Amino acid sequence: MFKSVWQRQVAAFFPLILLLLVLSSCEKPLMEGVSEDDSSENRVVLTVGEVETYINGEPTRSSLPIEQVCSRLCFAVYQGGTRVKYDNQKVGDSDFGTCTMSLDAGHYQLLILGHSGNANPSTTKPEQIKFTNLTASGGTGYTDTFYYYGDLEVTSGMPERTYTLERATAMFRLVVKDAKPSDVKRFYFYYTGGSGQLDVTTGYGNANSQQKVYFDLDSYSSGQSLQFELYTFPHAGDQKVTFKIEAQNADGQALYTKELKASMEPNFITQYSGNFFTQGQPDFPDEPDDPSESSSSILVDTEWGGMEEYSF
């Protein structure tokens, strides 16, 4: 009698138990960091198109593919000053140059940063995109850098958007015309007055950085002329950058030293050419106050807005 009652109770509850098991197996689990409201997000596709430079104050566009200009890209989306999503890419990635992400409908700010550093700078705050000195333990180094920063309005069914990057850096170029002595093994540059940190909301540097760059000369033979290129984010206004330059031996001792100052602005090259090692030659002069009184000239190429060149 007891056995038959128990069997009837199991038979009565079995359909309910089976229904619960079926419902449990059909429920889709939530992934970590994804809320139930994420179904309202919109698919956003962002693509890097051209690189824009300026010649004589007028915008021009380079036809070079982005992978020939930068080896790294950083996409960052901000809302209310807070970074909400980001994606870092490097050359070789299958999606290099195109970023796909999901965002709720609304108003955002978008940063696309292109560079060729050893690592990526922090993009947590758009006012503090900080590059650092390259050392044995890390750092980004300083390279030619391009960016786009502007509003991003996300709506349902929005089309793919293509963006043009503009150059943020200024270049200093040193051309050494006399032959390199055999005991010179590297060049060391220490420069102040520029910035290793970029404020993308203004397009200018905003830190008083002490930038340091080394160039090993193992690949250069004795008697070969030298050329060096360095980058900084200029401050707004007419602030000169001071370069202290050392030609060092294998032990890091300075054998020859020079110092100069130069005004720099984004998308322009400042070039100094002359003899570095020849004894009895004067140090590099300061940048002339009036270019009309010097051998300065404006030279234009397809990648930079122009070049101010000085001889000594």
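Observations
- Residues of the stretch 108-140 that turn out to be out of contact with any Leu (no Cβ under 9 Å at 6 or more places or on another chain), surrounded by fewer than 20 Cβ atoms within 10 Å (Cβ to Cβ) and part of a strand (DSSP E or B), as a count: 3
- Residue match in the stretch 187-206 (condition: closer than 20 Å to Tyr256 by Cβ and polar (S, T, N, Q)): no
- Within the stretch 151-193, tally of residues that are over 30 Å from Leu110 (Cα atoms), open to solvent by less than 50 Å² (accessible area, probe 1.4 Å) and among the charged types (D, E, K, R): 3
- Residue count for the stretch 214-244, restricted to those that are assigned to a loop (DSSP other than H, G, I, E, B) and either in contact with a Lys or Arg (Cβ under 9 Å, 6 or more places away or on another chain) or open to solvent by less than 50 Å² (accessible area, probe 1.4 Å) (or both): 11.
- Residue selected from the stretch 62-99 under the condition at pLDDT below 90 and more than 23 Å from Pro159 (Cα to Cα), by the criterion surrounded by the fewest Cβ atoms within 10 Å (Cβ to Cβ): Ser63
The values are calculated or read from the model by the stated rules, or taken from the named source; none is laboratory data. Being a predicted model, the structure only gives us computed values, none of them experimental. Cβ atoms come from the backbone with ideal geometry, glycine included; neighbour counts cover every protein chain shown. Remember, those area values only see protein heavy atoms, side chains included, never the ligands or the DNA or RNA. Shrake-Rupley method; radii C 1.70, N 1.55, O 1.52, S 1.80 Å.
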